[in-house]
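The structure appears right after this line, and notes come after that.
The values are calculated or read from the model by the stated rules, or taken from the named source; none is laboratory data. None of these values were measured; they are calculated from a predicted model. Every residue, glycine as well, gets a Cβ built from its backbone with ideal geometry; the counts of neighbours run over all protein chains shown. Heavy atoms of the whole protein, side chains included, go into the accessibility calculation; ligands, DNA and RNA do not. Shrake-Rupley method; radii C 1.70, N 1.55, O 1.52, S 1.80 Å.
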Amino acid sequence: MHSKETHSNITSSLAKITNARVLAINYRLAPQNQFPAALQDVLAAYLYLLNPSKDAGFEPLNPKNIVVCGDSAGGGLSLALSLVIRDARDSGLPQLAGVIGLSPWVDLTISMPSILNDECADYIPNLKWGTATIFIESQASEECKEKDAVLAAKIKNQNLGPKIWHDSFDRPNGRLHFYVNNESLAIPYVSPMLAESLGDLPPLLLIAGDDERIRDEAIYFAHRSAEPTKYKGPSYNAGKFEKSPFQTPTNTTLEIYEEMPHVFQMMEHACTTKSYERMTEFINRVTNTLNEPLPPFSYNYVNVKGEFSPLKEYHKKVLNWKNIGIVPS
């Protein structure tokens with residue numbers, strides 16, 4: 001839905017406040033370009049920074065100086081990119097210095113409580129029917145549905161061993177999102193929160209609003225990455241973490257801002273200013289500009305005065321949620 005032009009206020013603010021160079025890209029969008037097109041684009045952008053063309057105007061960058069930041073779907077893509085790089089570590093691809101997720105969308109099964117809460121004050125509508133239903137029908141969407149039916153049948157008829165989807169993904173009303181077919185919702189590069197393990201990732205800063213629908217995803221993702229042996233994801237992935245080579249806890253900072261909606265950095269507010277300050281500190285720490293290491297993990301609630309405190313009890317309830325990764329009926 002958005003582009004580097006619509007988000008120029010965020011990227012320009014980051015560049016100014018952090019005194020850093022920012023590369024903003026337009027990745028391909030669905031329904032014309034479905035998964036993994038967008039992920040391929042962000043990976044290509046990272047490789048470009050590591051190995052630019054001769055006429056690029058800059059020398060190859062040290063990956064220890066590269067921090068990727070995205071909001072909403074872009075936040076999910078940023079985290080998916082870190083998973084791709086981690087999973088390809090035997091190829092010699094270096095990992096990022098860090099990842100910042102602003103209201104990151106990391107669970108496309110829309111399984112978490114806050115995204116379905118009718119009392120939520122966020123401007124994002126209730127997504128219990130997915131995102132494919134909130135757009136006007138078009139030729140592109142019709143072509144998408146036709147291709148989806150063929151692809152779904154092909155996936156289900158293949159002998160791929162253990163299936164990568166849950167029975168709840170089989171929806172009589174069709175696909176949940178134009179971005180990806182239902183059978184692929186649990187792929188970690190689609191829904192990073194559902195990965196077998198979120199260990200061994202670069203340092204993470206996850207920021208969300210307390211009044212937004214995607215809040216619970218950020219909370220659970222943060223706990224799964226920082227404490228991977230304790231929080232192991234959806235029930236249909238039971239036993240897979242123990243077989244994963246990625247079990248080292250990820251350095252994770254989570255901040256939930258009082259009364260803030262989805263991607264509140266798009267508006268002027270004291271919480272926006274504070275979040276930029278925190279992003280700047282995070283970037284300086286992970287690139288060793290400050291020479292001050294981050295704590296192993298921290299989960300904080302930030303009020304409108306910019307004061308920090310532990311998460312509230314209602315935030316912690318999601319840590320016991322039983323329907324993670326299961327599409328609601």
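Shown here are the Rg and Dmax of the Cα trace of the chain, at 19.2, 56 Å.
Candidate cross-link partners of residue 312 among the lysines, defined by an alpha-carbon separation under 24 Å and a same-chain spacing of 8 or more, comprise 230, 232, 274, 322. Evaluating 6.51 cos²θ - 1.76 cosθ + 1.60 at θ = phi - 60° for every residue in segment 249-258, the Karplus couplings come out as x, 8, 5, 10, 10, 10, 9, 10, 9, 4 Hz, glycine and proline recorded as x. Averaged over its residues, the chain has an accessible area of 49 Å² per residue, based on protein heavy atoms and a 1.4 Å probe.
If you sort 71, 216 by accessible surface, 1.4 Å probe, largest first, the order is 71, 216. Packing order of peptides 46-55, 96-105, highest average first: 96-105, 46-55 (average count of other Cβ atoms within 10 Å over each peptide's residues).
Using θ = phi - 60° in the Karplus curve 6.51 cos²θ - 1.76 cosθ + 1.60, the 3J(HN,Hα) couplings for segment 313-321 round to 4, 5, 5, 6, 4, 5, 5, 10, 5 Hz; x is entered for Gly and Pro. By the combined test of axial Cα extent (at least 18 Å) and Kyte-Doolittle hydropathy (mean at least -0.5), the qualifying DSSP H helices of the chain come to 37-50, 73-87. Carbon-plus-sulfur accessible fraction, the chain (probe radius 1.4 Å, protein heavy atoms only): 53%.
Judged by the mean number of other Cβ atoms found within 10 Å, the most tightly packed of the peptides 193-200, 278-285, 25-32 leads the ranking 193-200, 278-285, 25-32.
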